[in-house]
Each structure stands twice: as structure tokens, then as C-alpha cells.
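Laboratory data are not the source of any read-out in this text; all were calculated from the coordinates shown. It should be emphasised that the depicted structure is a prediction, and the values quoted were computed from it without experimental measurement. Note that each Cβ is placed from the backbone with ideal geometry, even for glycine, and that neighbours are counted across all protein chains shown.
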Amino acid sequence: MPQLEISDLITATDPESGRRLPVRRADVVGQLHANGNARAARIVAGLPADQDGVLDPGAVDRLLISVHTELQRLSEELRIGQRLVHLIGPLRTAIRAAGHTGPFRLVDVGCGLGFLIRWLAATGALGPDTELIGVDLNAALVGEADRLARAERLDCRFVHGNAFTLPEAATVYVSTGVLHHFPEPALAEFFRAQGASPAMAFCHYDIAATGLAPIGAWMFHRARMRHPLGRHDGVASARRAHDDATLLRAAATAPDMRPLLYEPRRVANPFCTTLRPVIGVRPHLEAPLRQALGRSSRRLLGPEQFAGAAR
């Protein structure tokens with residue numbers, strides 16, 4: 001039975017208009033009971049609802065902002081910004097070397113509170129001519145991300161909506177901790193949308209599906225998260241993480257993109273691997289990317305190399 005995360009169930013958005021939809025508390029509780037998760041059902045049953053049983057949207061927003069604020073600690077401790085720059089820096093070099101002269105526009109899909117975008121803007125790690133945009137379907141999270149960026153006087157922006165329908169074309173799509181929210185058919189659709197776009201590449205970090213991941217998630221969230229929802233969803237995320245083969249198979253469906261895995265499980269120390277990225281580049285960019293990565297390019301495997309490592 002698939003793992004369910006409470007945060008995925010207590011909000012709903014019309015995919016076309018972006019309009020928020022009402023969510024009945026009893027429906028979510030019933031879905032969680034049907035999934036065999038009585039603990040999560042009890043957490044949802046304790047959330048405030050109106051007289052019609054619809055979850056209070058203001059209370060839900062405040063809770064999700066609180067949980068995502070605590071999750072920023074995980075991003076800081078796992079050095080998410082530095083990890084991304086380790087790959088996006090050489091990828092940016094490769095794209096420029098291939099003759100791309102337009103703006104280098106990095107779009108963070110499912111940005112939440114925008115930690116990654118705000119960190120990149122604060123550090124200037126990708127250079128002054130990089131445009132930084134965070135996009136999320138949750139209006140409350142985007143609103144808080146925008147408030148934080150303005151308070152910190154950062155040169156970046158946040159958009160409520162679909163990252164693949166922005167008026168400006170992304171140069172590179174990125175995300176952290178988003179892929180495990182998609183079942184495999186939807187995951188392939190996610191990658192196909194990027195291949196069909198004008199983007200030159202994508203780089204998506206997600207939880208490495210190791211036997212240690214749920215244990216590590218339980219330890220961190222128990223120590224760092226105050227609300228039971230955050231503790232529950234943190235462990236559920238680790239349990240539903242996609243393995244390397246699934247990610248590579250889904251990424252291979254992106255039109256005119258060369259799928260690559262960086263530090264896949266079979267060539268990395270499972271005790272040290274928490275997150276690893278799946279990358280897609282236009283085929284002509286693979287050689288300059290490997291050149292820009294230098295010795296680190298040995299950790300970048302294509303489908304045929306991955307199959308060899310598996311044997």
C-alpha cells in the first residue's frame with residue numbers, strides 16, 4: 001500500500017485556475033484509515049474545521065508554513081545550496097560554452113518557502129546574471145517565501161502557479177524533495193513536460209532510497225520537528241522515495257533529454273547518501289558538462305553505465 005503524506009491531502013488546488021478547493025476533514029481521515037494509517041488519521045482529526053467539516057484554510061496554511069520553516073533546518077544541515085551549485089555551476093558553464101547567450105533562468109519547482117532560491121540569491125553563488133524564480137502551487141507558502149525575500153532584500157522572485165506555464169522560458173529546472181510526491185506515471189509526465197519545454201536541462205534532488213533513509217528521517221524529524229504532522233510526513237517521504245532505476249526510467253521519457261544520475265546508490269556510500277540528483281541535459285551538453293565537472297564526472301552515470309554498475 002502506498003505511503004501517504006498528510007500535507008498532500010489537506011490542501012487541494014484546481015490545476016487549471018490555481019484556485020484553492022475546499023477539503024473535507026472526514027474525507028482525509030477516511031482516506032488515511034483506508035490506507036491503514038490510524039496515526040495520521042488521528043492527526044488530521046485534530047485539525048480545525050468549520051461546521052460543514054471543511055478544514056480551516058487559515059489554520060492549514062499556518063501549520064504548513066510552520067512545518068516548512070522547521071524543514072529549512074534540514075536543507076541547511078544537508079547543505080542543499082552547496083550541493084546544487086556543485087552541479088549547476090558546471091552545467092551553467094556547459095550551457096554558455098554551447099553558445100547559449102540568453103538569460104540564465106533557474107526555476108525551482110515546488111519551492112515551498114524558497115530556501116534554495118533565497119540562499120542562491122543571498123550568496124550570489126551562480127553569478128550576478130542568473131535569474132532566480134521559485135514556483136509553487138501553494139499560495140500560502142509562496143506568499144511567505146516572497147515576504148522573506150523582501151525582508152532579506154534579495155534579488156529573486158516567487159510565483160504561485162505551474163512552473164511549466166510561466167511566460168518566461170526556464171534555462172534549468174531544479175527541485176529538492178519533490179520527486180517522491182509523484183507516483184511513477186505522474187513522475188514520467190513531470191519529466192516529459194520539461195523535455196517539451198525550451199529548457200536546456202533539469203536537476204532534481206530527492207531522497208536516496210536506501211534502507212537507512214527512514215531511520216535517518218525518523219531521527220531528524222523527531223529531534224527537529226515539533227508538530228506531529230511534520231514528524232509523520234518526514235518519515236513517509238523517506239519510505240516513498242523512488243529508487244535510482246525508477247528515476248532514470250522516468251527521466252528517460254523526457255523528449256530530447258539525456259538522462260543522468262549523479263552518485264547513484266550503487267556507486268556511493270549508503271551511510272553518507274541522503275539526497276542525490278537525477279539530471280537531464282540536451283544531448284549536445286553532456287560532453288561540455290563532463291568536461292566542466294572534471295574528475296567529478298566519474299560520478300555521473302548514463303543509462304548504459306548505470307546498467308553496468310548494477311551488474
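Some points to look at:
- Karplus-based coupling profile of the range 86-103, in residue order and whole Hz: 4, 9, 5, x, x, 5, 4, 4, 5, 5, 5, 5, 7, x, 6, 10, x, x, with θ = phi - 60° in 6.51 cos²θ - 1.76 cosθ + 1.60 and x standing for Gly or Pro.
- Placing pseudo-labels 7 Å out from each Cα toward the beta carbon at R42 and A97 gives an inter-label distance of 5.7 nm.
- Subtracting the Cα-Cα distance of R299 and L166 from 0.36 nm times their residue separation leaves 44.6 nm of extension gain.
- In nm, spacing of pseudo-spin labels at A122 and A59 (7 Å Cα→C-beta vector): 3.2
- A Cβ-based charge dipole, computed about the Cα centre of the range 6-55 with Lys and Arg at +1 and Asp and Glu at -1, lands at about 220 debye.
- Given charges at Cβ of Lys, Arg, Asp, Glu: the chain dipole, positive-most of Q291, F104, L260: Q291
- Comparing Cα centroids, the range 2-68 and the range 115-147 end up 26 angstrom apart.
- All alpha carbon pair distances within the range 6-55 were sorted into 5 Å bins beginning at 0; the resulting P(r) in whole percents reads 5, 22, 29, 22, 14, 7, 2.
- Here is how the number arises for the chain: DSSP H runs of 4 or more residues each give -39500 (n - 2.57), the sum is divided by the residue count, and the result at 222 nm is -14000 deg cm²/dmol.
- Share of Cα-Cα pairs in the range 63-310 lying beyond 27 Å, as whole percent: 32
- Under 5 Å, built H, 5+ apart or other chain: amide partners of R276: D206, A208
- Qualifying trypsin sites (Lys or Arg not before Pro) in the range 1-41, where qualification requires a DSSP coil assignment and no more than 11 other C-beta atoms within 10 Å, comprise R19.
- The ranking of M225, M219, M257 by Cβ neighbour count inside 10 Å, starting from the fewest, reads M219, M225, M257.
- DSSP beta bridges confined to the chain are antiparallel in about 50 percent of cases.
- Only Lys, Arg (+1) and Asp, Glu (-1) charged, at Cβ; the chain dipole about Cα centre in debye: 1020
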